[in-house]
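Every read-out reported here was derived from the displayed coordinates using simple, explicitly stated rules and does not represent laboratory data. Remember, predicted model here, so these are calculated numbers, not experimental data. All Cβ positions, even for glycine, are placed from backbone atoms using ideal geometry, and neighbour counts span all protein chains on display.
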Amino acid sequence: MARLKFFEQDIRLKVAADLSPEAIARDLAAVAGRGLYEYMATHPEKPDYVQYVNGHKWRPLDQVVAPGPIVFEFNYLRQIALYGLAFLEARSPHGSGDYARHHFVMHDQARINPQSIPPDAEQIVLTNDSDYARKVHVINAMPKMKVPPLIFEDLRQAILARFGQVVEAQIHFLTLPWGYVLRREAKSNRKDRQKGMAITYPAVVIDRIIR
C-alpha cells in the first residue's frame, strides 16, 4: 500500500534593499499563493486546509504584513474517513448487507457525512452501530460469518500504513446514545453484561497530529 507523500517548505524571499514593506508583502503573498496552487495541483489526494496569515485564521493572503508568516495547515481527515469507509465495506460480510450499511463516521460525538468534516477537525471516529458489531470484530464470536475477525484492528493498521505521518489511530469500544441496551441478565457473571447496560461498539479513533 502506497504511503502519502507530504512535504514541509519554508519559503524565504530574497528582496532588494529598496523594496517597501508593502512590496515585500505582495511578493510574499504571491509566492505563498503560487506554492499552494502548485501543491494542490500535483497532489493526488487534495487535502483540506486552514490558512493563517500573521496568525489570523482565514485572513486573505493579500492582507499579509511582512515578514509574515503565512501558514497552510493541511488536514487529511476527510480523505481518511472515505478511505476507512471503503475499507470497512470491502471487509464486511455481504449476506444481507445489514452490517455493511451500519458503518459510519463521527465527529464531535455526532454522526457526520465524511464530506462535511470541518477542515480544522482534530478527531474523527469510524465505527459500526449494528447490534452485533462487537461480535463481528471479536475472534470466533460469529463463526458462521465468512469474514476475518478483528476488522477494526485491520482498519487501524491500514490507516497507519497509509496516513501514519499525519494521524494517530487507536481502538476503542464506545457506547452510543442510541445504542442497544441489554434487556436480559447475562448467563455469565460479567459486570458489563448485566440487564439495562448499554453495549459497546468497536471503533477506530483517529487523531490528527498537529505540529
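With bins 5 Å wide starting at 0, give me the P(r) of the range 21-75 over every alpha carbon pair, in whole percents.
Cα pair-distance distribution for the range 21-75, in percent: 4, 21, 29, 23, 13, 7, 2, 0.
Residues of the range 49-68 with amide nitrogen under 19 Å from the 7 Å Cα-to-Cβ point of Gln165?
Inside the label zone: 49-50.
Across the range 151-160, in residue order, what do the Karplus-derived ³J(HN,Hα) couplings come to in whole Hz, using 6.51 cos²θ - 1.76 cosθ + 1.60 with θ = phi - 60° and x for Gly and Pro?
4, 6, 5, 5, 4, 4, 5, 5, 5, 5
Given R₀ = 25 Å, what would the calculated FRET efficiency be for Thr200 paired with Gln123, taking r from the Cβ atoms and rounding to 0.05?
Efficiency at R0 = 25 Å is approximately 0.85.
Can you tell me the relative contact order of the range 21-75? Whole percent, Cα pairs under 8 Å, sequence separation 6 or more.
The normalised contact order for the range 21-75 reaches 43 percent.
Give me a comma-separated list of calculated 3J(HN,Hα) values for the range 57-62, in order, Karplus coefficients 6.51, -1.76, 1.60 applied at θ = phi - 60°, integers in Hz, x for any Gly or Pro.
5, 6, 5, x, 4, 6
Tell me, in nm to one decimal, what length is gained between Asp154 and His94 on full extension, where the rule is 0.36 nm per residue of separation less the Cα-Cα distance?
Full-extension gain reported as 19.8 nm.
At 0.36 nm per residue, and after removing the present C-alpha to C-alpha distance, how many nm does the segment from Trp178 to Arg111 gain when stretched out fully?
Going from the current span to full extension adds 23.0 nm.
Give the peptides 203-211, 75-83, 57-65 in descending order of average Cβ contacts within 10 Å, highest first.
75-83, 203-211, 57-65
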